[in-house]
Amino acid sequence: MKKYNTYLMLALLSIVLASCATTKTTSYSDPDFRGKKFNSICVYAEVEDLEMRKTLETKLADELKDNGIVTFIGIDLFPPTREWTDDQFQKTLKDIKVDGYLRVRLTNTDVRESIGNATTTTTTNGEKVKANRDNKEKYKEVSTSTTTVNRTKTFYSSFKTDLIEVASNKLAWTATSNSESGEWLGSEFNLIFGSFSSDIAKELKAKGHIR
């Protein structure tokens with residue numbers, strides 16, 4: 001039982017480690033906007049896949065909301081079924097009195113698979129057999145071996161994020177981010193989006209652009 005508990009703990013630990021995501025963000029504030037705080041922000045992701053776009057915008061908006069920012073989700077303000085000119089885009093944001101908008105571009109995604117050591121499991125069972133001479137049934141042990149190759153996937157994403165002041169339409173802050181995650185159970189890039197969103201909020205706070 002003790003050995004079983006040890007194996008269970010190791011299995012759970014491997015799942016936790018596999019489901020972690022990390023992000024590294026580097027950002028720069030324009031000199032004219034250093035320390036300027038934004039109280040309301042629209043999150044707008046330039047991502048063609050609608051499900052990924054909705055997930056990314058929602059996760060980032062939630063992170064900003066947790067920091068006391070009034071947030072708007074781009075896909076709700078700007079339906080992807082319509083074409084939007086720059087003037088229409090700016091007017092929509094000004095009409096709802098948004099201070100700035102975060103334009104997020106998913107610049108790269110990649111999935112890399114690595115192959116680890118093979119694991120062999122041997123199962124031994126008793127099997128009835130007939131003896132050649134007396135035709136009586138006897139038992140013999142039969143061993144079956146199964147070899148499993150351990151494969152792991154690592155997900156990578158790169159982002160370009162710009163914070164633009166709505167009133168002046170000027171770039172106030174820009175950042176590049178690189179994320180990676182050993183994701184599992186078909187979670188795709190959800191963990192990465194969560195890690196990225198958390199890191200962006202942390203960076204904006206460090207630069208004095210949000211509370």
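When you go through Glu137, Glu165 one by one, which is the residue that is in contact with a helix residue (DSSP H, G or I) (Cβ under 9 Å, 6 or more places away or on another chain) and either over 25 Å from Gln90 (Cα atoms) or modelled with pLDDT of 70 or more (or both)?
On the way: Glu137 fails: in contact with a helix residue (DSSP H, G or I) (Cβ under 9 Å, 6 or more places away or on another chain).
Unique residue meeting the criteria: Glu165.
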Task: Members of the range 56-115 found to be charged (D, E, K, R), in contact (Cβ under 8 Å) with a residue 24 or more places away in the chain and more than 27 Å from Thr25 (Cα to Cα), listed by number - done: Lys94, Lys97
Open item on the list: Please pick out the residue among Lys170, Lys153, Lys160 that is under 16 Å from Leu106 (Cα atoms) and either surrounded by fewer than 21 Cβ atoms within 10 Å (Cβ to Cβ) or at pLDDT 95 or above (or both).
Closed with: Lys160
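The values are calculated or read from the model by the stated rules, or taken from the named source; none is laboratory data. Nothing here was measured: the structure is a model prediction, and the numbers come from that model. Don't worry about glycine lacking a Cβ; one is built from the backbone with ideal geometry, like all the others, and counts go over all protein chains shown.
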